[in-house]
Amino acid sequence: MRDQKTARGGAIPKQTQTRIPVTQRLGPSSPLAPQVEVVNEQLRIPAKKRLGRPSTKKPLGVNTAGTRTSTKRRVAPVRTSPIRKQSWKAVHTGLCLPPTGVNAGSLAAWILWTLWISRNYRIFQGKIFSSQEVVTKAIIDAKEWNTAQVKNIPPETAKRGPRMETRFDIICQSDAAWKKESSTAGTAWKFSGSDEDRSRSNTKIFTLVKSPLVAEGLALRSAMEQAILLDYKQISFETDSKILVTAILEGSHISDLHGILSDIKTLATAFTSISFHWIARNSVSAVDMLAKQALNAFVSNLV
């Protein structure tokens with residue numbers, strides 16, 4: 001019995017010292033196993049190919065001309081027709097006419113930017129903006145940008161600005177009549193000068209007018225627009241609104257007239273010489289009568 005235990009006891013160290021191969025413990029190995037392992041190693045797909053990444057040997061978008069180690073990327077040129085370039089240049093450099101109130105820069109770039117933002121809102125947040133909201137947002141952003149810019153006016157430009165004491169050969173008087181109940185304004189203006197052909201007048205109706213001061217500003221702005229169409233270069237504008245003339249000459253900020261004053265300053269750049277004057281109410285009686293007649297005719301047609 002002791003010999004058997006000893007024999008058994010002697011056999012145990014031999015088993016611990018001699019390591020049995022895995023193939024013998026798990027069963028007889030197949031002669032094809034090494035070959036299959038080699039084949040699998042050869043057919044192994046690299047991680048970059050499995051993940052869809054480009055190979056490091058020939059990266060996509062790398063210019064390999066001349067040397068293999070070049071890592072300079074080639075940017076595809078954007079081909080634009082000359083007609084498109086010319087059209088965009090004309091839109092970008094064009095003057096924004098009233099009543100936008102944008103007196104500097106191009107509104108086209110702001111509209112494109114607002115369209116891009118509206119697209120992102122629709123895709124990521126499900127918000128949809130109308131065309132009127134997009135244009136309004138573009139105008140507001142353009143105005144805020146222009147207001148925030150620091151403008152250094154040269155001395156020569158300041159001297160050529162609106163003057164009060166000088167009167168030119170062509171004089172334009174403007175006036176407005178406002179009706180509170182319907183928030184409607186009738187505006188009128190009259191050109192006069194040494195030449196009889198320059199004596200002409202016109203009227204225009206505006207709705208949703210907030211106050212008589214706004215109506216006076218609309219009348220003056222409309223008169224300036226027609227003066228530009230008539231190709232007048234030197235002209236003096238007269239109105240019986242002292243607040244309006246002071247705001248134009250001194251650059252005062254009036255909330256109700258913010259957009260109108262901005263348009264007036266922009267239109268003033270189209271003239272070689274221009275001046276603004278305040279005159280008494282009885283001096284514009286003829287223009288005042290035209291404005292009241294236009295307003296009464298419009299209100300009676302509504303009834």
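The values are calculated or read from the model by the stated rules, or taken from the named source; none is laboratory data. Since the model is a prediction, treat every value here as computed from it, not as a measurement. Positions of Cβ are generated from backbone atoms using ideal geometry, with glycine treated the same way; all protein chains shown enter the neighbour counts.
Taking region 249-303 as the range and being in contact with a helix residue (DSSP H, G or I) (Cβ under 8 Å, 6 or more places away or on another chain), among the β-branched types (Val, Ile, Thr) and within 16 Å of Ala176 (Cα to Cα) as the test, only Ile260 passes. Yes or no: Thr207 over 25 Å from Met289 (Cβ atoms) and not hydrophobic (A, V, I, L, M, F, W, C)? Judged against the criteria, Thr207 is not a match.
Checking every residue in region 253-269 against the condition of being within 30 Å of Glu144 (Cβ to Cβ), touching a strand residue (DSSP E or B) at 6+ places or on another chain (Cβ under 6 Å), of a type outside the set (A, V, I, L, M) and surrounded by 16 or more Cβ atoms within 10 Å (Cβ to Cβ) gives zero matches.
Scanning region 238-292 for residues that are of a type in the set (Gly, Ala, Ser) and without any contact (Cβ under 8 Å) to a residue 60 or more places away in the chain yields a count of 8. If you go through region 184-207 and keep only what is at pLDDT below 90 and over 13 Å from Val287 (Cα atoms), you end up with Gly193, Ser194, Asp195, Glu196, Asp197, Arg198. Only one of the listed residues (Pro82, Pro59, Pro98) is more than 29 Å from Ile228 (Cα to Cα) and modelled with pLDDT under 70. That residue is Pro59.
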